[in-house]
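Just so it is clear, none of the values below were taken in a lab; they were calculated from the coordinates. Keep in mind the model is a prediction, meaning the values are calculated, not measured. Please note: Cβ atoms are built from the backbone with ideal geometry, for glycine as well, and neighbour counts cover all protein chains shown.
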Amino acid sequence: MKLISLNVGPPRDIEWDGSIISTGIYKDPVEGPLMLRTLNLEGDGQADLTVHGGVTKAAYLYPFEHYAFWKEELPGFDLPMGMFGENFTTEGLLEGEVSIGDQFQIGKAKVMVTEPRMPCFKLGIKFGLRDILKRFLKSRRTGFYFSVLEEGEVQPGDTITSLHRNPDGLTVTEVTDLYATERNNLELLRKAVGTEALPEKWKAYFRPMLERLEV
C-alpha cells in the first residue's frame, strides 16, 4: 500500500448560479513533506466546517484505482490527482476491503478509518455535472475519511502499513450501501450501530431505521 499523491488547497470563492460559493474542494498535488495534524493536513483548508474537516474528517483518501473507472465514465475530462477533493490519493486501500476502525501508519502519522465520503453539491460544481453526485454514490467509489491518532509528517511515496484491523468488520462500502440502497438490512444496521469507531452522527442516523425494523 502506498501514498501516490498528496493534495492540498485553501478554500476559494467561485461563482455558481449567480452566487458566490466558498469551497475547499480544489486540491493540487504537492511534494511535501507536510504535517498531518489532528484537525487537518498542513496547507489544506475547508470552507464549511459544519460538514467538512474536524476530528473524524481530518483527511480524505481516494483510491488511485478508481481513476481508471472515471476516465471511462467521463471521457474528455482532465482528471489530475486530487480531482475528487482528496488529500491522499493512494494505492491498495479500497472501500470494500477497509473497515471502519482500521488503523494505518502513513509516513510518520497514524490514522484510523472513520466514514465514507458523502458527496455534496460542490462536487457537481467542480465537474460541471449536475448528476455527478448520483453517479458518484451509485459507483460506491466514495473514498473515506481518517481521524488522526498520532500526528506526523507525510509525503508522496510513503508506504502505508496496517496497524490494526477492526474485528467488527463493517466496511466503508457497507456504510455507503446502508445510506443508499440497504436501508432495510437489519443485520447491517445492527452492525453499524454497534461499531464503536463509526462517528455518532452516523449511528444517530441509522438508529431510527433499526428501531423501525425491530418493532
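Were the residues from Arg140 through Phe69 laid out at 0.36 nm apart, the gain over their Cα-Cα distance would be 24.4 nm. Pick from Asp17, Asp168, Asp158: which is most flexible by mean-square fluctuation in a GNM of the chain where alpha carbon atoms under 10 Å apart are linked? Judging by the Gaussian network model, the answer is Asp17.
The ranking of Glu91, Glu187 by Cβ neighbour count inside 10 Å, starting from the fewest, reads Glu187, Glu91. Place a point 7 Å from the Cα of Leu79 along the Cα-to-Cβ direction; which residues of the stretch 10-36 have their backbone N under 16 Å from it? Label zone hits: none.
Counting only C-alpha contacts under 8 Å and six or more residues apart, can you give the relative contact order of the chain as a whole percent?
Answer for the chain is 25 percent.
Add +1 for every Lys or Arg and -1 for every Asp or Glu among the other residues with Cβ under 10 Å from the Cβ of Leu3, and state the total. Neighbour charge sum, excluding Leu3 itself: -1.
Treating only the Cβ atoms of Lys and Arg (+1) and Asp and Glu (-1) as charged, compute the dipole magnitude of the stretch 2-168 about its Cα centre; round to the nearest 20 debye.
Numbers: 18 positive and 24 negative charges, 74 e Å.
In debye, rounded to 20, the stretch 2-168 gives about 360.
Checked against a 31 Å cut-off, the cross-linked pairs Lys57/Lys138; Lys71/Lys201; Lys110/Lys203; Lys2/Lys126; Lys122/Lys201 give Cα-Cα distances beyond that limit for Lys71/Lys201.
Just checking my list [x] -0.51, -0.72, -0.98, -1.29; [y] -0.34, -0.62, -0.97, -1.36; [z] -0.52, -0.80, -1.05, -1.25 against log10 I(q)/I(0) by the Debye sum over Cα atoms at q = 0.09, 0.12, 0.15, 0.18 Å⁻¹ computed from this structure; which label fits? Among [x] -0.51, -0.72, -0.98, -1.29; [y] -0.34, -0.62, -0.97, -1.36; [z] -0.52, -0.80, -1.05, -1.25, the one derived from this structure is [y].
Using the Cβ-Cβ distance between Arg12 and Arg207 with R0 = 30 Å, the FRET efficiency computed as 1/(1 + (r/R0)^6) comes to roughly 0.20.
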